[in-house]
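Student: Quick one: the structure is below, questions incoming.
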Amino acid sequence: VAAINEELSGLTTKFGRNLLLSTKAFKIEVTDEAELVGLSDDFKSALKVDGEDKWVLTVDRSVYETFMTQSENRDLRAKMFDGYRLRASEGEFDNGPLAIKIAQLRAKRAELMGYKSHAHYQLETRMAKTPQGAEEFLLRVWEPGLERAKEERAAMQDMVGDEFQIAGHDWWHYSEKVRQDLYAFDDNALKPYFELGAVRDGAFDVASKLLGITIEPVEVDGWNPVVTAYDVKDAETGDHLGLFMVDMYARDSKRGGAWMSSFRDTSNVNGNNIRPIITNNLNLITPAEGEPTLMRFDEVETLFHEFGHGLHGLLTQIRYSTFSGVDGPRDYTEFPAQILEHWAGAPEVLSTYANHYETGEPIPLELIDKMNAAATFNQGFKTTEFIAASLLDLRWHMLTSEEAAEITDARAFEQQVLEEYGLIPEIEPRYRSQYFSHIFAGGYSAGYYAYLWSEILDADGFTAFRDTGDIYDPELSARLKKWVYESGGLREADELYRNFRGSDPTIEPLLKLRGFSEQQPSEG
Ligand SMILES: [Zn+2]
């Protein structure tokens, strides 16, 4: 097993490097501006080479998505589409053989340890318990998701008419057109209602009401002048729970994305009670001098999300640091973060913090309704591409050692699996095997589905509050605090969830949230 681990570590590193190099190697140089028809001026100037009449297109995810959404140039979209999906698929950076080898070694290792497959080994301690359990769950969301995707495809075809058949490289572009048609909704209209300071106070206010804590600013020297710090206390006893430090802005020296981390873990051994130091990082763009920081609503949700992870770290009452806070099965640890996002968008919470930064006027109800309607848009596509990748991950890792040994072509295996589930050709899995670094170069093997699993929990958990008629219901809040935020990874995750909810989670709230339940109008 040690030898297998060593070989795997070399292969996964190589997988990641191949992907990076092949992504970097792909470039399309455009010298005729007419080719860039449809792109916004901002985006064009970001692509432009300084001092030359030349624009460079890459397949970095953010460039790719923006290009595919905006571009009116169908041929160039097709080229970009292939550039993206054929990364690390041939030549010196081909990850196909590596994916096969990694799957084979993992299957072999599982066999040596007495498991049927790598997925059986990985899932033993997760809430899903078995690969079949995870697969069944995925299929219950897959089916309505795929049906919805077919409706979305039909709506785009209606828009295009007989001119051509909608293909994969058209989806981003035409779904955006349909969206504008149906919802006439502009994210920028919302931004003045989401000023960073107000949003942060809104999040703190939710945490105080829900979890009985106080959050007060304190002077602490941070790692950068923009860092702010807060003392978090129990509202009833005044006990210090932890220090919370926040760094909201992007800088050149800072890695991208949003995350929570801890400078000092909590522990309580032999009467020595050490409380944690927890940080949240976002990457908002620093506004011009004297201007406010205005956020998109998805950034607001991210702030609540990371704050949820932060609260999980701050409130933990576990004695030993290995069990404290955010450690625990992966399909469960996202729950305390994701459930908090629901408060961000609840009308009764929005009415407290989402006020126009200049006029102080609260966000109009009509805008909230539009925002909610737009939230279920294109969910067929999003659900389908995500679950296709999740199923692919499971199937690679459900292989027994003998089955894995028979695979010779990664793409052929992938196609056979996806066809079996009925994936439509216009949708690619979120990741093809050759660039699925979460599972072949990261820690998510047989676990990519976990993002969706936590969504069942948060949708179901928030529904519990809604059902009481009070999103701060005292009894439920107390159980949420005790069994979720304070309990770390001490017990079985499904037991913790049951203690909070009073029952096992059901899948219906998730389907409703994505707009797949029957009560939802089927959009026309
Ligand atoms: Zn998270």
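Student: Please report, in debye to the nearest 20, how large the charge dipole of segment 191-370 is about its Cα centre when each Lys and Arg carries +1 at its beta carbon and each Asp and Glu carries -1 there.
Tutor: Details: 13 positive and 28 negative charges, 124 e Å.
Dipole size: approximately 600 debye.
Student: Sticking with this structure for a sec: Among Y472, T506, Y431, which residue has its Cα furthest toward the positive end of the charge dipole of segment 378-524, with +1 on Lys/Arg Cβ and -1 on Asp/Glu Cβ?
Tutor: About the Cα centre, the residue reaching furthest to the positive side is Y472.
Student: Could you list I363, I274 so that the one with the fewest beta carbons within 10 Å of its beta carbon is first and the one with the most is last?
Tutor: Numbers: I363 19, I274 13.
Going from least to most buried by this count: I274, I363.
Student: Separate question: Enumerate by residue number the GluC sites (Glu not before Pro) in segment 418-504 meeting two conditions: DSSP loop (anything except H, G, I, E, B), and at most 14 other Cβ atoms within 10 Å of the site's Cβ. Could the numbers behind the result be given before it?
Tutor: Numbers: sites: E419, E420, E426, E455, E475, E486, E492, E495; in loops: E426, E486, E492.
Those satisfying the criteria are E492.
Student: Taking a 31 Å limit on the Cα-Cα distance, which of the listed pairs K14/K382; K382/K482; K27/K254; K27/K108 fall beyond it? Kindly include the intermediate steps, with their values, before the conclusion.
Tutor: Details: K14/K382 29 Å; K382/K482 34 Å; K27/K254 26 Å; K27/K108 39 Å.
Exceeds cut-off: K382/K482; K27/K108.
Student: Now for a separate question. Among the complete DSSP H segments of the chain, which ones combine at least 30 Å of alpha-carbon extent along their axis with a mean Kyte-Doolittle hydropathy of -0.5 or more? Present the calculation step by step, with values, prior to reporting the outcome.
Tutor: Working: long enough: 2-25 (35 Å, 0.04); 131-160 (41 Å, -0.67).
Going by DSSP H runs, the hits are 2-25.
Student: According to a simple spin-label model (label point 7 Å from Cα along Cα-to-Cβ), what is the distance in nm between A154 and K116?
Tutor: For the pair K116/A154, the computed spacing is 3.8 nm.
Student: What order do you get for L391, L311 when you list them from fewest to most C-beta neighbours inside 10 Å?
Tutor: L391, L311
Student: Using only alpha carbon positions, build the gyration tensor of segment 191-370, then give the equivalent ellipsoid semi-axes as the square roots of 5 times its eigenvalues, largest first, whole angstrom. Intermediate values should be presented prior to the final figure.
Tutor: Numbers: eigenvalues 162, 69, 49 Å².
Three semi-axes, in Å: 28, 19, 16.
Student: Mind listing the long-range amide H neighbours of L241? Cut-off is under 5 Å, sequence gap 5 or more, other chains count too, H placed in the peptide plane at 1.01 Å from N.
Tutor: Residues meeting the amide H criterion: V232, K233, D234.
Student: Still on this structure: Suppose every K and R has +1 on its Cβ and every D and E has -1 on its Cβ; what is the size of the dipole of the chain about the Cα centre, in Debye to the nearest 20?
Tutor: On the way: 53 positive and 89 negative charges, 358 e Å.
The calculated dipole for the chain is roughly 1720 debye.
Student: Between E219 and Y357, what is the label-point separation in nm under the 7 Å Cα-to-beta-carbon projection?
Tutor: My value for the distance between the label points is 2.7 nm.
Student: Report the local net charge at N280: Lys and Arg +1, Asp and Glu -1, summed over other residues whose C-beta lies under 9 Å from its C-beta. List each step's numbers first, then the result.
Tutor: Working: positive: none; negative: D247, E306.
Result for the local shell: -2.
Student: Continuing with this model, one more query. Using amide H atoms built in the peptide plane, which far-off residues or other-chain residues are under 5 Å from L284 H to H?
Tutor: Under 5 Å from the amide H of L284 lie the amide H atoms of Y249, A250, each far enough along the sequence or on another chain.
Student: Taking neighbour counts of Cβ atoms within 10 Å as a proxy for exposure, in what order, fewest first, do S487, S437 appear? Spell out each step's value before the answer.
Tutor: Working: S487 25, S437 18.
So the residues, fewest neighbours to most, are S437, S487.
Student: Now for a separate question. If you take the beta carbon distance between E419 and E147 as r and set R0 to 25 Å, what does 1/(1 + (r/R0)^6) give as a FRET efficiency, to the nearest 0.05? All intermediate terms of the calculation are to be shown ahead of the outcome.
Tutor: Working: r = 17 Å, r/R0 = 0.70.
Efficiency computed from Cβ-Cβ geometry: 0.90.
Student: Quick query: amide H of S89 versus all other amide H atoms, modeled in the peptide plane; which residues come in under 5 Å with a sequence gap of 5 or more or a different chain?
Tutor: N95
No value in this document is a laboratory result; all are computed from the given coordinates. Values in this document were obtained by computation on a predicted structure and should not be read as measured data. Here Cβ is always computed from backbone atoms with ideal geometry, including for glycine, and neighbour counts include all displayed protein chains.
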